[in-house]
Amino acid sequence: MSTVLDSIIAGVRADLAERKAAKPMFFVEREAVEAAAAISPMERFRAPGLAVIAEVKRRSPSKGDLADIVDPAALAGAYAEGGAAAISVLTERHRFNGTLADLDAVRARVDVPVLRKDFMVDEYQFFEARAHGADIVLLIVAALDDSELGRFLHLSKELGMTALVETHTAEEVDRALAVGAELIGVNNRNLKTLDVDLATFGLLADRIGEDAVKVAESGILSPADAARVASEGADVVLVGEALVKHGSPTEAVAEMIKG
Ligand SMILES: O=P(O)(O)OC[C@@H](O)[C@@H](O)c1c[nH]c2ccccc12
């Protein structure tokens with residue numbers, strides 16, 4: 001049966017084919033190598049207290065339009081001022097209305113690590129992410145087989161980037177651990193049905209164990225939600241909707257950190 005995730009990835013692959021035709025792999029590889037060194041986020045994520053990855057997100061397949069973000073760099077700057085440990089930028093076009101230009105603008109504005117949030121299914125996207133200044137990339141376990149997961153994790157490291165390996169089930173957590181992921185996310189949203197259940201993180205946290213840094217993703221709508229997942233073992237929360245809809249993004253991030 002075809003899922004939402006499958007249809008998103010079909011759109012991603014079509015866009016990718018166009019970009020590859022316009023700029024062959026050789027050129028994007030060279031740009032990636034020439035880009036300034038990536039910033040490592042792991043120390044920030046491991047520091048005491050709850051870290052926040054604040055997301056620049058205009059729309060989503062589950063919620064439709066969230067916010068009309070005309071200046072993503074200004075939003076990212078406000079997040080950084082509120083104490084965000086990293087900024088996530090959606091670069092998927094069809095469902096999230098994001099672009100690589102958003103990533104460029106955010107990279108140019110902030111000093112904190114930047115996550116390219118997209119559906120990574122091809123080597124090309126990793127070189128591209130680095131060329132556009134990404135420090136972190138997302139690997140969605142549900143979208144990749146074990147060979148891809150291993151290869152992409154390795155390539156991310158080789159390019160100096162940190163991979164956030166996203167899971168949603170116990171089996172996916174085991175696959176993330178098996179490839180040696182050091183930064184593991186639990187998405188409270190099921191990408192195949194788009195249903196959100198905030199309890200998902202707590203159910204999987206113990207299985208991840210103490211060696212990997214744990215990120216609770218999606219459905220964190222309030223400081224109380226952040227405090228809940230922190231009490232269940234989250235080192236980091238990844239928050240989009242609640243921050244883009246809040247009138248004051250700086251305060252919104254600061255409140256989430258306090259929990
Ligand atoms: O807006 P929310 O519910 O705070 O969620 C943010 C983030 O977790 C979500 O955007 C996300 C998590 N994993 C993803 C994978 C692809 C696209 C988006 C996502």
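The values are calculated or read from the model by the stated rules, or taken from the named source; none is laboratory data. Please read these numbers as outputs of a predicted model, since none were measured by experiment. Here Cβ is always computed from backbone atoms with ideal geometry, including for glycine, and neighbour counts include all displayed protein chains. SASA here: full protein model, heavy atoms, side chains in, ligands and nucleic acids out. Shrake-Rupley method; radii C 1.70, N 1.55, O 1.52, S 1.80 Å.
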Quick check: residue separation of ARG151 and VAL33 times 0.36 nm, minus the Cα distance between them. What number comes out in nm?
40.7 nm
With only helices counted (DSSP H, runs n ≥ 4, each -39500 (n - 2.57)), the per-residue ellipticity at 222 nm for the chain, to the nearest 500, works out to -13500 deg cm²/dmol
Net charge of Cβ neighbours under 9 Å - reference ALA80; Lys, Arg +1; Asp, Glu -1:
-1
Lys pairs in the chain with Cα under 20 Å (8 or more apart in sequence, or on separate chains) total 14
GluC sites (Glu not before Pro) within the stretch 169-217, DSSP loop, no more than 13 other Cβ atoms inside 10 Å
GLU210
Computed about the Cα centre, the charge dipole of the chain from +1 Lys/Arg and -1 Asp/Glu charges at the Cβ has a magnitude in debye, to the nearest 20, of 440
Give the carbon-plus-sulfur fraction of the accessible surface of the chain in %, rounded to a whole number; probe 1.4 Å, heavy atoms of protein chains only.
51
Using alpha carbon centroids, what distance separates the stretch 1-24 and the stretch 97-167, in Å?
15
Accessible surface, the chain, averaged per residue in Å² (probe 1.4 Å)
42
Explain nothing, just the number: relative contact order of the chain, from Cα pairs under 8 Å at least 6 residues apart, as a whole percent.
21
Would you calculate the separation in nanometres between label points at THR99 and THR193, each defined as 7 Å from the Cα along the Cα-to-beta-carbon direction?
3.6
Order by protection proxy (mean Cβ within 10 Å, highest first), peptides 16-25, 129-138:
129-138, 16-25
Among PRO48, ALA143, ALA105, whose Cα sits farthest toward the positive end of the charge dipole of the chain (+1 at Cβ of Lys/Arg, -1 at Cβ of Asp/Glu, about the Cα centre)?
ALA105
